Structures are given as structure tokens and as C-alpha cells.
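Working notes, beginning with the structure itself.
The values are calculated or read from the model by the stated rules, or taken from the named source; none is laboratory data. Computed from a predicted structure; not experimentally measured. No Cβ is skipped: glycine too gets one built from the backbone with ideal geometry, and neighbour counts run over all protein chains shown.
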Amino acid sequence: MQRKLLKGVRKMPDQDPGRRPEAYLYSNAVPDAQRKKRFEDFLKERYHKDYTLVWVEDKSIDSGFKLYVDNEVYDWSKEGRINQFKEMIRRRAKEEDGPGGKELITLFKSSLESWNLEALPEEEGRVIMVGDGIVIADGLESVVYGEIVLFESGIRGMVQDLRPDSVGIILFGNEESIMEGSLVRRTKKTAGVPVGEGFLGRVVNALGDPIDDQGGIMPSDYLPVEAMAPEIIDRQAVETPMNTGILCIDSMFPIGRGQRELIIGDRQTGKTAIAIDTILNQKNNDVICIYVAIGQKASSVAQLVASLRKKGAMDYTIVVNASASESAPMQYIAPYAATAMGEYFMHKGKDVLIVYDDLSKHAIAYRALSLLLERSPGREAYPGDVFYLHSRLLERSARLSDETGGGSITALPIVETQAGDVSAYIPTNIISITDGQIFLETDLFFSGQRPAVNVGLSVSRVGGAAQTKAMKKATGSIRLDLAQFREMEVFTQFSNDLDEVTKNRLAYGQSLMYMLRQSQGHPYALHEQVILLVAGTAHVMQDIPLEKNGDFCLKMLEYFHRTNAEFCEKIDESGDLEEEDKTVIIETARRFRDIYKASSNSAKLSPI
């Protein structure tokens, strides 16, 4: 731990219990007898006991004084009075629901006329120890858990540990300006973050400060970082689809607005790609997206932002970045701050999609803080409340009832596994909190199956309730067919002599697997997914060579757009699929298959 002594720190001597208590008056001039008597009378009236007033010369105070009584300070200096006035303006502005230009000037003038200075006590403490983003301080006897404290250098911190004789504080800033003996003052406020429409299209840190060199942001409000999750009676069932544009997910593991669906898998298996494609698919869907990067490389986040901006997705997206170079406290607070930003839009009746990338690193940051605060370690050295760490975060995602606005927050937490072990501590915790998981398998990824979704281990507990009628009818028995294919593939991989029925089932299963392959950054529209599913389950693609399956699917969709544009629009608008619609899709797909085969054969016969 870093231990430094600050010169000139006001150090109060320990009081002798038998002596008369002392109060310390700091000013640049000796108070006369009359003023001294007024101070003593004030102390007796406020604290109901006699104090000995000790004057200390302080040339840094131009006018006014500072009166220290036990652990409280009455700041009557010029700076203290200005801060008091600013706080009063802030409170009045908040009561007036954030007035703009002229209204703020009017409010400023009226507040100046009605401003009555009064001596208000402030509780102060002193730093005992500082290092690794953690401060241990004493003297803050009435401070509460989660309260924001302010150091004399201007750095903010949050109380995270309460002890009989000291408090543990995590820092939201550079610790170099804080030394042993530095003063720390209570603010009597919990952690809050600025929110508003102005944050759309911006990259901010965990405190809501912009870090994208595009100027400041005018917030509409400040919301607490830690907030209670909506009550059960304030929620409604998850029934509205949150389409990802990814065929294998929307068909078999649908996500609804207000759901919490975990994306889990080893490193470099395409977890972030699924989340980003989901964000891209929300364009023109009136969904606000928030991407939270926790412990990521700054270069990776910059590339991601550039990709979103290039495709027009930053217009409805906020990126909250607590990169690997940030301190553990900043990484710890980031997902809570981002959720507060989402709650601002949710309470206005809007739908929000929030991606936590990833909660494994978030848990590691919290473990580091807890160990530095000397909390007892448990399984895998995580503290005992690590489950509550994520449950109180993810429970804030919900779909509100119509009476409370009808907005929603849909959460896509990401968790990284080690060697596919989903039974590790953090993965099992988050699996038990969420409403399903999408498991990405390393073997599938490296075999070319992307997205590498394991159909057997993935699940959505909302199921068909979050699907459109068209998607339900088009999906059919595809999940069961794929499960049978994978089981049959295991038993037949060592056999050479297969009957025709088995060969057909294997060919059908392989055609489905290749149909589910999808390029990153190209989400499908609803009608495109319906066409592919109906054609795939009707065995239209079974005769197409596997290496040409992707090309066939793309060209078949182009063919539908050219020849049946009105039919495609009808599916998107109605969200339904009649039996005659299925017949149209199958007949058109077979007609295109014959055209595709004929063109392929003619290409083979053409001279070089």
C-alpha cells in the first residue's frame, strides 16, 4: 500500500476525556472577543455542551472561516459559500425539471435574491491508507454504504466497506493526488450518472463523461447508479419479439423484449459478434441500444464503434467503455451506470437493448476490490455476495406494464468460459439468473459453423411466446430434426455402409446446418428468415452441394425479392404465414433450384 504524508494537513490532537472538548477555528485573522463569544454561544446551542475555541491561522482563506467540531466542519469560506449556492441552484433546477436557457437565467436571478446563507455542518474524515484504487479513512462516523465522498483534490469515491473505526472507499479517479492525511468529506448522496437523449451516438466512461472527443453532453437528468428492480406487479409478460436477425437464434431460441438471454462460450467463439449483429438489426425498429465494454482492449472498442458508425447504428446506440486500462472501481460501476442510462428511456415508454460484454471480467474486477478491502474470500476467491452482484443488475431488465409506461430493457449478458466448462462458479450463477442461454461451441466455430450455436445446450425459457406467428409456423420441427441429425452423425461416423434412409437424413441435417451459417454483419429480415426456414424444412436445399449452399441461399433470396417483392412485404407487415403462403415459397424455391442447377451445369460445360 502507498503511504504518504501531506504537509500542512490539519491534524487535530486526540482529546483527553477529562478535558473540556475543543473546537478549531481556521481563518486569516484573529477573532475579537465579541466574535469569539458568538462562536462559543453557537457551539453550546448546537451541541449542548461547552467547547474551548482554538484559533488556527490559515492564510489560504481570503474571507470567512472554517469551524471544525469533532468530525464536522462549517465551511464559511468564499469557496464553501459558492459551493453551497451551486448546490442550491442544482436542486432548484432539478425541481423545475431541467429548465433551459432563459428559464435557467430567471431561476438563477430569483435564487440569488432568495439565497439565505446559513452555517451547515459537514462531516469530514482523514485518509489512513491509499493504494490500488482503494482508500481507508477514519472520522466519517455517520457515512452510509454506497455514499459518494469527496476528497480535497476533487476526486470522488464511493463507500464500499463499513468498519467499527474506519471505512473502505473505492476511487473514481487518479489516486496520485490523495495522500495519507488528506481530507475526505461526506456528500450525503448516493452514486448517480447523467442520462438523456444527448448520450445517443456517444462513447462515455463509467461516470457518464464523454471520451470520444466530440464535445460535452447536456444531460436531461441524473439517475442513481444502483436502483431497485421493478416490482412483480409493475411487470408484464414477455411477448414482443426482439429479433436478432440471426436465423438460428430467432428460429430456435427466440428473445423477447424484457428478456435476459445469456451468451456464453469460450474466448474467440463469436459472442460479441452475435450481440453486435443484434444491435445492427434494431435499425428502424425504435429500439435504443447500449453496449457496455468491461475490461476490453481500447483498440477493440474503437474498431467496434467505427463499425457501428459506418453502418448507421451509432445513431441509436450508446457505448459505455470501462476498458482494461481503467481501474477496478470503474469496471465495477460501468454496467450499473449503463443500466441507469437505459432506465431513463425505459421509463419514457421506449424499448432498450443492453449488452454487457462481459460479466466475467466484471466479476474479476469486483473480486479484486473485495480482496483489497480485506473481505473474506469464498469459492474461486470470489466474495460471498458475488451472486447478488449480478442478480441485482440483471433483475433491473424487464418489460413494464402499460400502467407504468410499457417500456422495456432487454439484457444480453456475455460470459466467457474456460474450455467449455459451463459448470464454473460465475457461469452457473448467471445461468440461474437469466431466462435462457445461447451456448457457442469451439469445435463448431473452427469447423466453419458460424454462428457456432450448440443446439443441444442452448435454450430460451420464453420460447415461442416471443415469436411472430410467421416464425412459429416456419420453424416447424427444425430443432428436433437437428437434434436427431447430431445423434445420428455420432453413431454413423465410423460406418461406411449406410442405407438410403440414413443417407437422406444425414444429407437433410447437413443442408440445415449449412443453411444456418450466416455472415457476420448481415442480419436477415423476417421474410428472409421465413423463406429460408420453409424452403429448408421442405428439403429444397438437400440436393445442393454443401459448399454451394450459402451461395444458393443468398441468390434464392435475391430471386424472391425480384419476383415476389409484394409477397415479402406482406410477411413483414402481417407477421403471419398462411398455408398457401408456404406453398408459394416451396414452389418458388424449387423453381429457382432448377434454374440454379441448370446454370451450374452450363458453367461446368463452358470452355475455359
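Select from the stretch 388-400 the residues that are assigned to a loop (DSSP other than H, G, I, E, B) and surrounded by fewer than 21 Cβ atoms within 10 Å (Cβ to Cβ) and list them in ascending order.
Across the stretch 388-400, the qualifying residue is only GLU395.
Give me the residue from the stretch 123-141 that is touching a Leu at 6+ places or on another chain (Cβ under 9 Å) and charged (D, E, K, R) and, out of that set, surrounded by the fewest Cβ atoms within 10 Å (Cβ to Cβ).
Across the stretch 123-141, the extreme among qualifying residues is ASP132.
So VAL292 passes all but one of these: (1) in contact (Cβ under 8 Å) with a residue 60 or more places away in the chain; (2) among the β-branched types (Val, Ile, Thr); (3) more than 18 Å from ALA365 (Cβ to Cβ). Which condition number does it fail?
With (1) in contact (Cβ under 8 Å) with a residue 60 or more places away in the chain; (2) among the β-branched types (Val, Ile, Thr); (3) more than 18 Å from ALA365 (Cβ to Cβ) applied to VAL292, the lone miss is (3).
Report those helices (runs of 4 or more DSSP H) wholly inside the stretch 465-550 carrying at least 2 residues which are under 30 Å from ARG399 (Cα atoms).
Values: elements: 469-475, 478-492, 500-515, 526-537.
Where helices (runs of 4 or more DSSP H) fall fully within the stretch 465-550 and carry at least 2 residues being under 30 Å from ARG399 (Cα atoms), they are 469-475, 478-492, 526-537.
Does GLN437 fit the bill of being outside any helix (DSSP H, G or I), in the same structural domain as GLU343 (by TED's automatic domain parsing), surrounded by fewer than 20 Cβ atoms within 10 Å (Cβ to Cβ) and in contact (Cβ under 8 Å) with a residue 40 or more places away in the chain? Quick ask: steps written out before the conclusion?
Values: outside any helix (DSSP H, G or I): yes; in the same structural domain as GLU343 (by TED's automatic domain parsing): yes; surrounded by fewer than 20 Cβ atoms within 10 Å (Cβ to Cβ): no; in contact (Cβ under 8 Å) with a residue 40 or more places away in the chain: yes.
Taking the combined requirement at face value, the residue does not satisfy it.
Output the residues belonging to the stretch 306-335 that are aliphatic (A, V, I, L, M), without any contact (Cβ under 8 Å) to a residue 40 or more places away in the chain and either crowded, with 20+ Cβ neighbours inside 10 Å or not in a helix (DSSP H, G or I) (or both).
Taking the stretch 306-335 as the starting set, the residues that turn out to be aliphatic (A, V, I, L, M) are 306, 308, 313-314, 318-320, 322, 324, 328, 330, 333-334.
Next, only the ones that are without any contact (Cβ under 8 Å) to a residue 40 or more places away in the chain stay: 306, 308, 313, 324.
Of everything in the stretch 306-335, those that are aliphatic (A, V, I, L, M), without any contact (Cβ under 8 Å) to a residue 40 or more places away in the chain and either crowded, with 20+ Cβ neighbours inside 10 Å or not in a helix (DSSP H, G or I) (or both) turn out to be LEU308, ALA313, ALA324.
Mind checking which residues of the stretch 401-413 are within 24 Å of ASP250 (Cα to Cα) and either surrounded by fewer than 20 Cβ atoms within 10 Å (Cβ to Cβ) or touching a Phe, Trp or Tyr at 6+ places or on another chain (Cβ under 6 Å) (or both)?
GLY406, PRO413
Among the residues of the stretch 459-470, is there at least one that is under 28 Å from TYR524 (Cβ atoms), crowded, with 17+ Cβ neighbours inside 10 Å and touching a helix residue (DSSP H, G or I) at 6+ places or on another chain (Cβ under 6 Å)?
Yes, the conditions are met somewhere in the stretch 459-470.
Can you give me the number of residues within the stretch 338-387 that are within 14 Å of CYS289 (Cα to Cα), under 10 Å from the mean Cα position of the chain (by Cα) and either among the β-branched types (Val, Ile, Thr) or assigned to a loop (DSSP other than H, G, I, E, B) (or both)?
Here is the first cut: in the stretch 338-387, the ones within 14 Å of CYS289 (Cα to Cα) are 338-346, 350-357.
If we keep only those that are under 10 Å from the mean Cα position of the chain (by Cα) too, we end up with 338-342, 353-357.
Going one step further and asking which of them are either among the β-branched types (Val, Ile, Thr) or assigned to a loop (DSSP other than H, G, I, E, B) (or both), we end up with 339, 354-355.
Adding up the residues that qualify gives 3.
Report the residue count in the stretch 407-434 for those that are under 22 Å from TYR291 (Cα atoms) and assigned to a loop (DSSP other than H, G, I, E, B).
Here the count works out to 3.
Take the stretch 271-289 and flag every residue that is in contact (Cβ under 8 Å) with a residue 12 or more places away in the chain and at positive phi.
If the condition is that a residue be in contact (Cβ under 8 Å) with a residue 12 or more places away in the chain and at positive phi, then ASP286 is the only one that fits.
Any idea which of (1) at pLDDT 95 or above; (2) touching a strand residue (DSSP E or B) at 6+ places or on another chain (Cβ under 6 Å) is the one THR278 doesn't satisfy?
So the condition that THR278 fails would be (2).
Considering only the stretch 555-594, state which residues are surrounded by 13 or more Cβ atoms within 10 Å (Cβ to Cβ) and of a type in the set (A, V, I, L, M, F, W, C).
MET556, LEU557, PHE560, PHE567, CYS568, ILE571, LEU577, VAL584, ILE585, ILE586, ALA589, PHE592
From the residues in the stretch 496-539 that are β-branched (Val, Ile, Thr) and over 20 Å from ARG593 (Cα atoms), which one is surrounded by the most Cβ atoms within 10 Å (Cβ to Cβ)? Let's see the steps before the verdict.
Let us first name the residues in the stretch 496-539 that are β-branched (Val, Ile, Thr), namely 501-502, 530-531, 534, 537.
Subsequent filtering for residues that are over 20 Å from ARG593 (Cα atoms) retains 501-502.
Details: VAL501: 8, THR502: 14.
Applying the filter and picking the extreme gives THR502.
When both residues are 6+ apart or on different chains and their Cβ atoms are under 9 Å apart, which pairs have a first residue that lies in the stretch 209-221 and is farther than 16 Å from GLU326 by Cα and in contact (Cβ under 8 Å) with a residue 60 or more places away in the chain, and a second that is among the basic types (Lys, Arg) and not in a loop (DSSP other than H, G, I, E, B)?
ASP221/LYS94
Let's see how each residue does on (1) at pLDDT 90 or above; (2) under 20 Å from GLU122 (Cα atoms); (3) outside any strand (DSSP E or B):
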residue	(1), (2), (3)
ILE136	yes, yes, no
VAL144	yes, yes, yes
SER153	no, yes, yes
GLU176	no, no, yes
VAL184	yes, yes, no
LEU207	yes, no, yes
LEU223	yes, no, no
